[in-house]
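Notes follow the structure.
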Amino acid sequence: MFTLQGMRGNVELITEKIRQEAIEEILEKFKEADRKYYHTGEDFETVRDLYKELERLGADIETVIDIDLHIRDEVFGLSPVKAMYHSTTNMDDGYINHIAIIQEANGFHNHFLYDEDKGKGAAGTGPFTTLEEARQDVIAHYPDAVEQEVAE
């Protein structure tokens, strides 16, 4: 026996699936347009319109911004890592905490136990307005932290 409540639940599930598929489709178009924009400097309007469509669909905008920054950095050969520290505070013998200060759209973030392959840390603090504020936060949490050279 079908109930109106059951049918309504199915409609909501189907609607959400359609929304998610639309987000994925628009996100792929956004990536393509964004990459073209950073390569050529042309067609910013398309990028802006796709961003607005993702916003309208309820996409995770922080993820969209991270994708944009990643594409920008990839195209221009930039590293979002602005500083790197090593610390042994609260680590088992022989282990080093890699701490990266990463510039993101809303400021600088400290990524503790940073994984270079993933581009993220296991925990973090921020955003900070300046790189210096982020550095001070690292030292406050890890007084033994030693700054490492970062390749730009």
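Can you spot a residue in the stretch 118-137 that is outside the structural domain of Lys17 (by TED's automatic domain parsing) and within 19 Å of Leu27 (Cα to Cα)? Scanning the stretch 118-137 turns up no residue that is outside the structural domain of Lys17 (by TED's automatic domain parsing) and within 19 Å of Leu27 (Cα to Cα).
Residues checked against (1) in contact with a Leu (Cβ under 7 Å, 6 or more places away or on another chain); (2) in contact (Cβ under 8 Å) with a residue 40 or more places away in the chain; (3) hydrophobic (A, V, I, L, M, F, W, C); (4) not assigned by TED's automatic domain parsing to the domain that holds Glu21:
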site	(1), (2), (3), (4)
Asp43	no, no, no, no
Thr46	no, no, no, no
Glu53	no, no, no, no
Asp60	no, no, no, no
Thr89	no, yes, no, yes
Ile102	no, no, yes, yes
His109	no, no, no, yes
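Applying the condition of being among the small types (Gly, Ala, Ser) and farther than 23 Å from Ile65 by Cα to the stretch 102-152 and asking which residue is modelled with the lowest pLDDT yields Ala151. Scanning the stretch 10-42 for residues that are closer than 20 Å to Asp73 by Cβ and among the acidic types (Asp, Glu) gives Glu28, Glu32, Asp34, Glu42. Of the residues making up the stretch 25-36, just one is loosely packed, with under 15 Cβ neighbours inside 10 Å and within 17 Å of the chain's Cα centre (by Cα), namely Glu28. Checking each residue in the stretch 111-132 for being in contact (Cβ under 8 Å) with a residue 12 or more places away in the chain, of a type outside the set (Val, Ile, Thr) and surrounded by 15 or more Cβ atoms within 10 Å (Cβ to Cβ) picks out His111, Phe112, Leu113, Tyr114, Gly119, Gly121, Gly124, Gly126, Pro127, Phe128.
The values are calculated or read from the model by the stated rules, or taken from the named source; none is laboratory data. Being a predicted model, the structure only gives us computed values, none of them experimental. Ideal geometry is used to build each Cβ from the backbone, glycine not excepted, and the neighbour counts take in all protein chains shown.
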